[in-house]
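Since every read-out is calculated from the coordinates, none of them should be taken as a lab result. Note that the structure is predicted; figures quoted are calculated from it, not measured. Please note: Cβ atoms are built from the backbone with ideal geometry, for glycine as well, and neighbour counts cover all protein chains shown.
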Amino acid sequence: MKPLIILVSGAPGSGKTTLASILSEQLYIPHISNDLVHGGIEFNETGHDRSVVMDSVLVPVMSEIAQKNVSFVFDGALHKNNAKEKIVEKLQTVANVINVHVVTADPIQRYTDRVMKSQTPDIIRRREVLLDRASYHRDHLDEYAQPLDLGIPQLVVNTDDGHTPTIEEVVHFVNSNRSTVQPDESV
């Protein structure tokens, strides 16, 4: 059976990292955070191109993990113009891939509030840069806020007031999209 990659997408501030963490815990599988990988790179070098990191680091690492037969959750703001070609189609060669897309009424305000309230030392240090990114995100919201046509099973989750559908329903969606193909046991 191929491993399962659950892509949790949505706009910054929509709640995708929170949902991905919950799914990771509920399914007992690893969670790879796009933002934390970028944070790890930023820790070593100032400034980098996020799209280059997706192509040169994240997709190859996710592919390699899946090739080791490990299922996992990934969260990130996937762009409508290139997510299918640059991410999904590459990962489908090594895994079953599904999408849980997170929506909320005003994700950028939630993002801004989270940055302003954070007491994490690195967030405090980079607060101005992160708030500048909020303007970029607001200007490009149409690129990743709406559900994407990725050609894979998809569930849309609204986080305005908790999770709709519920976490239990999201877990059911994930489990119902796991591969049912079993390895040949005749050996």
Most positive-pole-ward Cα, Q146, T159, I124, against dipole of the chain from beta carbon charges: I124
Gaussian network model of the chain, Cα within-10 Å springs - most flexible of P12, P121, P30: P121
Residue range of the chain that is longest and free of GluC sites (Glu not before Pro) which are both DSSP loop and sparsely packed (at most 16 other C-beta within 10 Å): 46-184
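How much length is gained if the chain between V70 and D35 is pulled fully straight, taking 0.36 nm per residue apart and subtracting their Cα-Cα distance, in nm to one decimal?
Details: separation 35, 0.36 × 35 = 12.60 nm, distance 2.08 nm.
Difference between extended and current length: 10.5 nm.
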The range 64-111 and the range 5-29: distance between their alpha carbon centers, rounded to Å: 10
Dipole axis of the chain (+1 Lys, Arg; -1 Asp, Glu on Cβ), positive-most option in A83, A11, Y111: Y111
Helix-only CD estimate at 222 nm, as mean residue ellipticity for the chain, using -39500 (n - 2.57) per DSSP H run (n ≥ 4): -11500 deg cm²/dmol
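How large is the charge dipole for the range 4-176, taken about the Cα centre, if only the Cβ atoms of Lys, Arg (+1) and Asp, Glu (-1) carry charge, to the nearest 20 debye? Numbers along the way, then the final one.
On the way: 15 positive and 23 negative charges, 42 e Å.
Using Cβ point charges on Lys, Arg, Asp and Glu, the range 4-176 gives about 200 debye.
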Simple spin-label estimate for M116 and L131 in nanometres, 7 Å along Cα-Cβ: 0.8
Computed label-point distance, nm, for sites D161 and D49 using a 7 Å Cα→Cβ extension: 4.5
